[in-house]
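Take a look at the structure below.
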Amino acid sequence: MDIIQQIVAGDVRTIARVLRDIDDELPSSREVLQRLYPHTGKAHVIGFTGSPGVGKSSLVDQVATHYRKDSKTVGILAVDPTSPFTGGAILGDRIRMQRHFLDPGVFIRSLATRGQFGGLTRSTNDMVNVLDAAGKDVVLVETVGVGQDEVEVANSAHTTVLVMIPGMGDDIQAIKAGIMEIGNIFVVNKADREGSRKTVRELMNLIEIGVRRRNGEEWEPRIIETEAVKGRGIDKLYETIEQHKAYLLATGSQRWREAVEKRTRLQLLGVLKDLAFRAALERIEARGDSIDEMVRRIVDRQSDPYSVARQILEK
Amino acid sequence: MANGRKIRILVAKPGLDGHDRGARVVARAFRDAGFEVIYTGCHQTPEQIVSTALQEDVDLIGLSILSGAHRYSFPRIMELLRENNAADIAVVGGGIFPLEDIPMLKECGIKEIFEPGAKLGDIIEWVGKNISAHGDAAPLSS
Ligand SMILES: Nc1nc2c(ncn2[C@@H]2O[C@H](COP(=O)(O)OP(=O)(O)OP(=O)(O)O)[C@@H](O)[C@H]2O)c(=O)[nH]1
Ligand SMILES: [Mg+2]
């Protein structure tokens, strides 16, 4: 069987290896992705993001269980940080998802952030496409992050769930408005802890500001309290995610298309940057030059970053 | 320019007891050596371990031994790997166990057994010498 057919048929080893090829930035993975593309575009991509330890994996586990009860197949991409000192990583999100390990309807992949070498975009979007092509009805993407990463998740998901915990009030105040605006659904997890209501109230205040600003958009961001370890509030979360999907898909609206366009734009720019950067590196190599050499020349004041970069790109 | 293949290792603890300190220490040592470690915690059945190894496309499974579960679980894991055409994934074990079990473990295909008290440095060195990212071989296809 052809590799594309194997992926579409859901062959675990093939899918796992292609994901690896993408992660390891093998040039051959581009061709596979290209041939796989016609099979993509069906999955509902849901991002879960928030600070370390707030309960993202526990929530993903619970939500996945609900989708399985609805006979939907699930792909999970769980991203943990790479150690900046050693380049290694401990990927521990699976600990919270053990009950899905033997379910053929769930494919879980742990990812490290790795270095964003030379500004290359992370390959998470490509991996979402693989799971989408493999027929997963929903793809849940868990990312840790504050700031830029979160915005990126939001742009690449159809629905974004921002996870917080009680007592994060001060943090919430500190979070830039831009980040609050990416959440379609806000979860205050660990609602068993003190201060949950207060955090909800603070969020409500903050979101109201956001709502006024995002004129024209009818989706009112929802705030949901959950206790992920006990499964409390998950029904509501699940329902709300599905409501958001229905909102995007509402007949006569262009919202789903807009969400897809946003995703696609991000992806196209990523591929463009990646290819351009690779082409530049090839040229540098072809000249017998190297980035290190170039840096040395610049530091020695024989040249400057602007001239060096332009020389490479000019024919 | 490709950074090359990154070695991925599953660290798992089969069996019923909930003591995973040893496994955690090894996981951290692997991370510090630059590997990507998938860590799944305690109480793992052979089926869960192999399913995880396949989905995560690991090069190595490191099993923590403590409670005697290895006599059943290690051979079963090897069998499941073979059934799934994944005999290329290496398996090693280490922890606390009777030394007389070593021949039986090696016989079922475990690539290396680290005896009680093995030094972390030696384990890392062994991995560096013996494990390469198996994706380096021809890509999977037809
Ligand atoms: N009290 C309480 N603890 C919870 C709840 N949800 C999760 N936890 C605990 O919080 C800890 C972290 O949960 P995870 O689901 O791993 O959180 P995470 O956000 O995925 O963590 P990272 O991936 O490490 O950023 C675990 O010990 C959970 O058992 C909750 O609703 N209440
Ligand atoms: Mg997590």
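The values are calculated or read from the model by the stated rules, or taken from the named source; none is laboratory data. Computed from a predicted structure; not experimentally measured. Virtual Cβ from ideal backbone geometry, glycine too; neighbours counted across all protein chains shown.
Kindly establish whether B:Asp59 is among the acidic types (Asp, Glu) and buried (at least 19 other Cβ atoms within 10 Å of the Cβ). Steps first, answer last, please.
On the way: among the acidic types (Asp, Glu): yes; buried (at least 19 other Cβ atoms within 10 Å of the Cβ): yes.
Considered against the rule, which asks whether it is among the acidic types (Asp, Glu) and buried (at least 19 other Cβ atoms within 10 Å of the Cβ), B:Asp59 comes out as yes.
Assuming A:Leu266 fulfils every condition listed in (1) loosely packed, with under 11 Cβ neighbours inside 10 Å; (2) under 21 Å from A:Arg30 (Cβ atoms); (3) touching a helix residue (DSSP H, G or I) at 6+ places or on another chain (Cβ under 7 Å) apart from one, which condition is it?
Checking A:Leu266 against (1) loosely packed, with under 11 Cβ neighbours inside 10 Å; (2) under 21 Å from A:Arg30 (Cβ atoms); (3) touching a helix residue (DSSP H, G or I) at 6+ places or on another chain (Cβ under 7 Å), the one that fails is (1).
Tell me which residues, restricted to the stretch A:51-88, are charged (D, E, K, R) and away from ligand 2 (no atom under 16 Å from the Cβ).
A:Arg68, A:Lys69, A:Asp70, A:Lys72
Would you pick out the residues in the stretch B:53-101 that are in contact (Cβ under 8 Å) with a residue 60 or more places away in the chain, out of contact with any helix residue (DSSP H, G or I) (no Cβ under 6 Å at 6 or more places or on another chain) and within 13 Å of B:His134 (Cβ to Cβ)?
The one that is in contact (Cβ under 8 Å) with a residue 60 or more places away in the chain, out of contact with any helix residue (DSSP H, G or I) (no Cβ under 6 Å at 6 or more places or on another chain) and within 13 Å of B:His134 (Cβ to Cβ): B:Leu60.
Can you spot a residue in the stretch A:92-113 that is more than 20 Å from B:Ile49 (Cα to Cα) and more than 7 Å from chain B (Cβ to nearest Cβ)?
Yes, the conditions are met somewhere in the stretch A:92-113.
Which count do you get for residues in the stretch B:43-67 that are under 15 Å from B:Gly18 (Cβ atoms) and more than 9 Å from chain A (Cβ to nearest Cβ)?
Adding up the residues that qualify gives 4.
If a residue has to be over 26 Å from B:Gly121 (Cα atoms) and charged (D, E, K, R) to count, how many in the stretch B:18-56 make the cut?
1
Return yes or no: is A:Ser57 among the hydroxyl-bearing types (Ser, Thr, Tyr), more than 21 Å from the chain's Cα centre (by Cα) and within 27 Å of A:Lys42 (Cβ to Cβ)?
Answer is no for this residue.
When the residues of the stretch A:9-63 are filtered to those that are surrounded by fewer than 16 Cβ atoms within 10 Å (Cβ to Cβ) and at the interface with chain B (Cβ under 8 Å from one of its Cβ atoms), which remaining residue is modelled with the highest pLDDT?
So the residue we want is A:Arg13.
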